Amino acid sequence: MTALLDISGLKVDVPGRAGTLHAIRGIDLSIGAGECFTIVGESGCGKSLTAMSVLGLLPRAAILSAERMSWKGQDMRRFSRRQWANLHGPEIAAIFQEPMTALNPVLTVGEQIIESFVHHRLGNRKAALARAGELLERVGVVPVERRLAQYPHEMSGGLRQRVMIAMALMCQPKLMIADEPTTALDVTTQVEILKLLKELQAEMGMALLLITHDLGVVAHMADRVAVMYAGQIVETGSVASVLTRSAHPYTSALLDCLPTRDQPLTPIPGVVPALFGELEGCMFRNRCRFAREACADPVPARSVGEGHVYRCLLEANEVAA
Amino acid sequence: MTGLDTTVTANRFLRVRRGLRHAGFVLGAAVLLLTIAVALLAPLLAPHDPLAQNLSIRLLPPAWMEGGRPDHLLGTDHLGRDYLSRLIYGSRISLIVGFSTMLISGVIGSTLGFIGGYFGGRVDSFVTYIINCRLSMPGLLVALAVISLVGGSLFTMIMVLGLLFWDRYAVVVRTATQQIRNADFVSAARVAGASAPWIIWNEIRPNVLHHILVIATLEMAMAILSEASLSFLGLGIPAPTPSWGLMIAEGRQHLFAKPFLVWIPGIAIFILVLATNLLGDGLRDLSQPEGRR
Amino acid sequence: MAAYVRSKVIVSLLVLFTVSLVGFALLHLSGDLAATLAGENASAEQIAELRHTMGLDRPLLAQYASWLADAARGDFGLSFFARESVLTMFLARIGTTAILAVSALILAIAVSLPLGMLAAVRPNSWLDWMVSGVALSGQALPGFFLALMMISFFGVTLRWLPISGSATPLHYVMPVVVLAIGAIPALMRLTRSGMMEVLEQDYIRTARSKGISSLRVMWKHAMRNAILPIISLSAVQLGTLLGGSVIVESVFAIDGIGLLTYRSIQRGDFPVVQAMLMFVSASYIILTLLADVINAWLDPRLRQKSQ
Amino acid sequence: MTRLLDIQNVSLAFRQRTGLFSPPNLIPAVRSASLHVDAGEVVAVVGESGSGKSTLAKMVLRLLTPDTGTIAIDGKPAQSLGPREFARLVQPVFQDPYSSINPKRTLAEIIQTPLKIAGGVSARECEERARDLFERVGLPMRLFHSYPNQISGGQRQRVAIARALILRPKLLVCDEPTSALDVSVQAQILELFNELKQDFGLTYLFISHNLAVVERIADRIAVMYRGEIVEQGATDAFFAAPTHPYSKMLLSSVLPPIPGRPLPTVSRVFELNTPRGSQP
């Protein structure tokens, strides 16, 4: 499998008044054509910044560095403004968490949808409107004529997210980045949107990078998953392997936090560490029930086979026990 | 240029900017404090009596210019009064008007803003209506007309400006209060049985205070400028009291021959107002949180 | 939209009515108009007689009622001094002041908008620093001082520009610049901060993620949102400029309504002053109303709320 | 068992002002809702955004006044209770940990607020009680005099809970108390609610959109849809066999973290205003 996106050693620092925040501390990931890759983690783990790094839309203050960061073999680190613009739309497109604020309130939905298609010279306005019509029909924003003339505030959150999806698909991207696309939506709407994404992914043969905090969403959507904690990927592999045979204590603890009727809740004690200053060793060690002294030293990545990799001193089967 | 370089440079500038803002704040505060000290110590600092006329030495230029005399550092005016002494005493007028107006308008405007913002509904409609009425009245014109009728004096000036220029407080406090009124901690206090005044004072006021402080500096600057304008138009502080605006008005007759008579008080006003605004800008920037994420 | 405008107009009329009443009361209660008019040497009887002939001894509300009744018909009374209709005096001078104020606003917007935007796009660039510096200094410069400085430099030292009157377009240059410099700081700051705020919105990130040019992001996505508060402020500034004409017109000896008002205030010519108050208030109210309507037209959210 | 909270046929419509003189639009938020909570029970109200569940909670907290219907607390009509009497019976825990505590006050001050408002307790005793609760909700004592910006979201919710408990109320109205938190923190807070229920003999009215959370904590469940309570019943029974089509849809939308299953099919086609669920 040739990777569309190949990243290794990605770091993002955000300097601030309290010192430099090491938001992402060296992560590797690669996404192949047509697959659904999810990054899961709690707030502040760096999952959204990872998405923004790939999109080239990091906040002004953030500093990015990487050993390798390539799109179809081209070095993204050396991309000019123009190259980024050519990438956005036909290659990579994105949808975001807040459908209520992600659309421009003073422009009609139609204007916003056709914009990138026309800009990338894929056709004239008429062709763009025709394609927008098809896509809106496909994502269920009907009646198309009326919807195209509407403003975002005239639609519900679910509809707006569908509009965002149609907008992202206009130029037939090879990769869609979805940053918590259903977090702000109701559960019933969430299922519909996820289903839509899954179907469209298959129809268009595009890859999906899905950022979420919800392991339920991961289980239903992902081919492969990366679990992030404190700016690092602590475990990654196929979704079946990672969720059913978790090798990292954090993944396992996260699963145990989900409330169920039968089993008692086992919360993870303590809080996420602040990512300032020199950070060494496993960042989960202050909350981990398996922690030992050696955890303070750099922890090597270990493989369980089939691309299932985790970063812990424990043997793969020790956590489950 | 790669994206990497821009972020690095942008970031360095961010730190520089914050630092400079801080410098502006310190500079503003220092100048304001210095002016206050000068005003308080005027009798000790002023080399001459600011009202003492000496027609034999009228219109002396500043000491460093040709014909200047070292005992009249900034020269003398058309009645031979020492310009430096008048400038020093003039700072008192500016500061008294500035501070008093700021306080009076602050109390009126904030109270209205709290009431409108907290209670909402019809009460707010009424407060908004009052604010709109005030905004529709041309402040400087009303001040001019009223002061000319009542007769110019320091007290009149302060009262008129104070009773007129409360609108910005009211607008800002009202908006800020509206935003906080619906916060859950306010609801919690209501469930706990707290009265509206209690909530406004204990829960809302601390969260609006920095807005009020910023407006206060702006209003003080505004009041200093207004006093100067009114006095310049001859409808403010009556002569012979030294006020910077009045000094410019008096110096205006000699604008072509002795421009320093206008320059000196003009620059004094400029520096004091600039310092007050710098202080306000610094306050605004420093009170802004870096973001909660 | 019609209902929105209608309710706004009704409130505006109410505000105008209140302002006229408050203005009237202030002018009558602040001092003794008759005594001011009669002069310092007048005897008590003379003052009383003057008070009676001018109807100033009637109850305040009665005076106000008859003033309002006349004003509603467009009759703002006779000037105490010129013995001329106030309206005629106003109409003769309003053009001059309007040219001043409108040109100043246009100049101020022409300077503030592009500079404020550029500063927002490139925060901390030299341009941004210049914009902040200009805004700060402009705010601290008293208009009359600036006017005198310009007169002494451009008028006297360099002899480039005429220093008083309004005979030729050149006469307007300095007054317009002085007025504009008074309006620039607020406009420039609002443009900068408004634009910066808009640029941080999610929909700007969305627009960027579509790969369209940054110029288009700026113009089509950011400006359309950032312009809304600027329109409101421009309306307010125009009202302020009309009021501010008093100082500029008196320094440059321009015979507009500002100078007329200043003279009338000095000699207690109450009908003129009252009319000027009403005029500036009414302009302010109409301008802000206009801005509200334009904003409602530009912003679909406001449009819908108003339906 | 005593009936601590009794909501009878409560309705509320929001008035949307359209113009200065035109009559307001009425937007119904809660329609004829009836629900009761017995002492020691945990009753959860679930529903999606706009279902009226938060409006119902606000009415119980007397932050909103119902148009029609009655709310009785401890057998007395809520509106007849004095503010202090009411505060000693009912206290809230809200959703947003950032808005629920005053950022300009120290944690110690925040927790004491209700007691200060109620009055009649010495400053010393106030602080004493606040200290006890501070520890009880699992906050480290060194943070007692800190400001909210120094602590995390989960810790903020603990502060809010301590504040709610300082008057020793009988009923805690929790409006989505964990939905803004990460799952690992959510689990901590849910456990805390469980422990406090035992220790303080609390009763909860628990508003949530998260069925997994509700299943864990509630004895009984009421489902709200478009302002109406469409179904209510014991938690076990509800999860075993929901009766209302909306409840079924809601339940089927829950995504368990088990890989290999297809996304559920959600059908929105069902009749509105169907008969109410069985009243227990």
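The values are calculated or read from the model by the stated rules, or taken from the named source; none is laboratory data. Since the model is a prediction, treat every value here as computed from it, not as a measurement. Counting neighbours? That spans all protein chains shown, and the Cβs are built from the backbone with ideal geometry, glycine included. Note: accessible area is taken over every heavy atom of the protein model, side chains too, but ligands, DNA and RNA are not part of it. Shrake-Rupley method; radii C 1.70, N 1.55, O 1.52, S 1.80 Å.
Could you list, in sequence order, all residues of the stretch A:113-136 that are of a type in the set (A, V, I, L, M, F, W, C), open to solvent by less than 40 Å² (accessible area, probe 1.4 Å) and either closer than 13 Å to C:SER213 by Cα or outside any helix (DSSP H, G or I) (or both)?
Hit for the stretch A:113-136 is A:PHE117, nothing else.
Does C:ILE163 fit the bill of being surrounded by 21 or more Cβ atoms within 10 Å (Cβ to Cβ), at pLDDT below 90 and over 21 Å from the mean Cα position of the chain (by Cα)? Lay out the reasoning, then the answer.
Values: surrounded by 21 or more Cβ atoms within 10 Å (Cβ to Cβ): no; at pLDDT below 90: yes; over 21 Å from the mean Cα position of the chain (by Cα): yes.
For C:ILE163, the condition - surrounded by 21 or more Cβ atoms within 10 Å (Cβ to Cβ), at pLDDT below 90 and over 21 Å from the mean Cα position of the chain (by Cα) - is not met.
When you check C:LEU14 against the structure, is it part of a helix (DSSP H, G or I), facing another protein chain (nearest Cβ under 9 Å) and open to solvent by 60 Å² or more (accessible area, probe 1.4 Å), yes or no?
Numbers: part of a helix (DSSP H, G or I): yes; facing another protein chain (nearest Cβ under 9 Å): yes; open to solvent by 60 Å² or more (accessible area, probe 1.4 Å): yes.
Yes: the conditions hold for C:LEU14.
Out of B:SER153, B:SER195, report the one residue that is among the polar types (S, T, N, Q), more than 9 Å from chain D (Cβ to nearest Cβ) and open to solvent by 10 Å² or more (accessible area, probe 1.4 Å).
Working: B:SER195 fails: more than 9 Å from chain D (Cβ to nearest Cβ).
So the residue among B:SER153, B:SER195 that is among the polar types (S, T, N, Q), more than 9 Å from chain D (Cβ to nearest Cβ) and open to solvent by 10 Å² or more (accessible area, probe 1.4 Å) is B:SER153.
Output yes when any residue across the stretch D:208-227 is under 20 Å from B:ALA188 (Cα atoms) and within 14 Å of chain A (Cβ to nearest Cβ), and no when none is. Reasoning before the result, please.
Kept after step one, since they are under 20 Å from B:ALA188 (Cα atoms), are these residues of the stretch D:208-227: D:208.
Retained after the next criterion (residues that are within 14 Å of chain A (Cβ to nearest Cβ)): D:208.
So far as the stretch D:208-227 goes, yes, one or more of its residues are under 20 Å from B:ALA188 (Cα atoms) and within 14 Å of chain A (Cβ to nearest Cβ).
Within 11 Å of chain A (Cβ to nearest Cβ), farther than 21 Å from D:LEU12 by Cα, touching a residue at least 60 places away in the same chain (Cβ under 8 Å) and open to solvent by 10 Å² or more (accessible area, probe 1.4 Å) - does that describe any residue in the stretch D:186-203? Write out each step before concluding.
To start, the set of residues in the stretch D:186-203 that are within 11 Å of chain A (Cβ to nearest Cβ) comprises D:186-194.
Adding the requirement that they be farther than 21 Å from D:LEU12 by Cα leaves D:186-194.
Okay, now just the ones that are also touching a residue at least 60 places away in the same chain (Cβ under 8 Å), so none.
Looking through the stretch D:186-203, none of the residues is within 11 Å of chain A (Cβ to nearest Cβ), farther than 21 Å from D:LEU12 by Cα, touching a residue at least 60 places away in the same chain (Cβ under 8 Å) and open to solvent by 10 Å² or more (accessible area, probe 1.4 Å).
Return a yes/no flag: does the stretch C:42-56 have any residue that is within 30 Å of C:LEU14 (Cβ to Cβ), open to solvent by 50 Å² or more (accessible area, probe 1.4 Å) and not in a helix (DSSP H, G or I).
We begin by selecting, within the stretch C:42-56, every residue within 30 Å of C:LEU14 (Cβ to Cβ); these are C:54-56.
Among the residues that remain, those that are also open to solvent by 50 Å² or more (accessible area, probe 1.4 Å) are: C:54.
From what's left, not in a helix (DSSP H, G or I): C:54.
Within the stretch C:42-56 (the criterion being within 30 Å of C:LEU14 (Cβ to Cβ), open to solvent by 50 Å² or more (accessible area, probe 1.4 Å) and not in a helix (DSSP H, G or I)), the answer is yes, since at least one residue qualifies.
Return the residues of the stretch C:131-154 that are hydroxyl-bearing (Ser, Thr, Tyr) and farther than 15 Å from C:MET188 by Cα; say none if nothing qualifies.
Listed by number, the list holds a single entry, C:SER152.
Here are some residues: C:LEU91, C:LEU113, C:LEU127, C:LEU107. Which one is of a type in the set (A, V, I, L, M, F, W, C) and within 30 Å of C:GLY74 (Cα to Cα)? Outline the logic, then answer.
Values: C:LEU113 fails: within 30 Å of C:GLY74 (Cα to Cα); C:LEU127 fails: within 30 Å of C:GLY74 (Cα to Cα); C:LEU107 fails: within 30 Å of C:GLY74 (Cα to Cα).
Checking each option against the conditions leaves just C:LEU91.
Only residues that are modelled with pLDDT under 90 and within 21 Å of C:PHE24 (Cα to Cα): list them for the stretch B:148-170, please.
Selection gives B:SER148, B:LEU149, B:VAL150, B:GLY151, B:GLY152.
Taking the stated definitions as given, is B:PHE119 hydrophobic (A, V, I, L, M, F, W, C) and open to solvent by less than 30 Å² (accessible area, probe 1.4 Å)? Steps first, please.
On the way: hydrophobic (A, V, I, L, M, F, W, C): yes; open to solvent by less than 30 Å² (accessible area, probe 1.4 Å): no.
For B:PHE119, the condition - hydrophobic (A, V, I, L, M, F, W, C) and open to solvent by less than 30 Å² (accessible area, probe 1.4 Å) - is not met.
What is the residue count in the stretch A:203-259 for residues that are away from chain D (no Cβ under 11 Å), of a type outside the set (Gly, Ala, Ser) and in a helix (DSSP H, G or I)?
3
Kindly indicate whether B:ASP184 is surrounded by fewer than 22 Cβ atoms within 10 Å (Cβ to Cβ), out of contact with any strand residue (DSSP E or B) (no Cβ under 7 Å at 6 or more places or on another chain), within 13 Å of chain D (Cβ to nearest Cβ) and in contact (Cβ under 8 Å) with a residue 40 or more places away in the chain.
Numbers: surrounded by fewer than 22 Cβ atoms within 10 Å (Cβ to Cβ): yes; out of contact with any strand residue (DSSP E or B) (no Cβ under 7 Å at 6 or more places or on another chain): yes; within 13 Å of chain D (Cβ to nearest Cβ): yes; in contact (Cβ under 8 Å) with a residue 40 or more places away in the chain: no.
No, not satisfied.
Looking at (1) of a type outside the set (Ser, Thr, Tyr); (2) open to solvent by less than 10 Å² (accessible area, probe 1.4 Å); (3) in contact (Cβ under 8 Å) with a residue 24 or more places away in the chain; (4) part of a helix (DSSP H, G or I), which one does D:CYS126 not meet, given that it meets all the others?
Result: D:CYS126 fails condition (3) only.
What about A:GLY41, is it modelled with pLDDT under 95, more than 23 Å from C:LYS220 (Cα to Cα), among the small types (Gly, Ala, Ser) and more than 15 Å from the chain's Cα centre (by Cα)? Before the answer, list the steps.
Values: modelled with pLDDT under 95: yes; more than 23 Å from C:LYS220 (Cα to Cα): yes; among the small types (Gly, Ala, Ser): yes; more than 15 Å from the chain's Cα centre (by Cα): no.
In short, no.
Which residue, of C:ALA72, C:ALA2, C:ALA108, is open to solvent by 50 Å² or more (accessible area, probe 1.4 Å) and either charged (D, E, K, R) or under 19 Å from C:VAL280 (Cβ atoms) (or both)? Even if it seems obvious, please write down each step before you answer.
Details: C:ALA2 fails: either charged (D, E, K, R) or under 19 Å from C:VAL280 (Cβ atoms) (or both); C:ALA108 fails: open to solvent by 50 Å² or more (accessible area, probe 1.4 Å).
Going through C:ALA72, C:ALA2, C:ALA108 in turn, the sole match is C:ALA72.
Considering each of C:LEU215, C:LEU238, C:LEU228, C:LEU233 in turn, give the residue that is more than 7 Å from chain A (Cβ to nearest Cβ) and either of a type in the set (Gly, Ala, Ser) or within 19 Å of A:TRP84 (Cα to Cα) (or both). Don't jump to the end; show me each part of the working.
Numbers: C:LEU238 fails: either of a type in the set (Gly, Ala, Ser) or within 19 Å of A:TRP84 (Cα to Cα) (or both); C:LEU228 fails: either of a type in the set (Gly, Ala, Ser) or within 19 Å of A:TRP84 (Cα to Cα) (or both); C:LEU233 fails: either of a type in the set (Gly, Ala, Ser) or within 19 Å of A:TRP84 (Cα to Cα) (or both).
Answer to the check: C:LEU215.
Output yes when any residue across the stretch C:252-271 is more than 11 Å from every other protein chain (Cβ to nearest Cβ) and among the aromatic types (Phe, Trp, Tyr), and no when none is.
Yes, the stretch C:252-271 contains a residue that is more than 11 Å from every other protein chain (Cβ to nearest Cβ) and among the aromatic types (Phe, Trp, Tyr).
Of the residues C:SER152, C:SER214, C:SER209, which single one is touching a Lys or Arg at 6+ places or on another chain (Cβ under 8 Å) and without any contact (Cβ under 8 Å) to a residue 12 or more places away in the chain? Working first, answer last.
Working: C:SER152 fails: touching a Lys or Arg at 6+ places or on another chain (Cβ under 8 Å); C:SER209 fails: touching a Lys or Arg at 6+ places or on another chain (Cβ under 8 Å).
Answer to the check: C:SER214.
Of the numbered conditions (1) in contact (Cβ under 8 Å) with a residue 24 or more places away in the chain; (2) within 14 Å of chain A (Cβ to nearest Cβ), C:ALA275 satisfies every one except a single condition; which is it?
Status for C:ALA275: all satisfied but (2).
Let me confirm something: among A:ALA132, A:ALA127, which residue is over 27 Å from the mean Cα position of the chain (by Cα) and more than 12 Å from chain C (Cβ to nearest Cβ)?
Numbers: A:ALA132 fails: over 27 Å from the mean Cα position of the chain (by Cα).
None of the others qualify; the one that does is A:ALA127.
With respect to C:VAL217, determine if the residue is β-branched (Val, Ile, Thr) and open to solvent by less than 10 Å² (accessible area, probe 1.4 Å). So that I can check it myself, show each step before the final result.
Details: β-branched (Val, Ile, Thr): yes; open to solvent by less than 10 Å² (accessible area, probe 1.4 Å): yes.
The answer is yes for C:VAL217.
Within the stretch A:46-58, is even one residue under 17 Å from the mean Cα position of the chain (by Cα), more than 14 Å from chain C (Cβ to nearest Cβ) and among the charged types (D, E, K, R)?
First, pick out the residues of the stretch A:46-58 that are under 17 Å from the mean Cα position of the chain (by Cα): A:46-58.
In the following step, the residues that additionally are more than 14 Å from chain C (Cβ to nearest Cβ) were identified as A:46-47, A:50.
Those still in the list that are among the charged types (D, E, K, R) too: A:47.
Yes: one or more hits.
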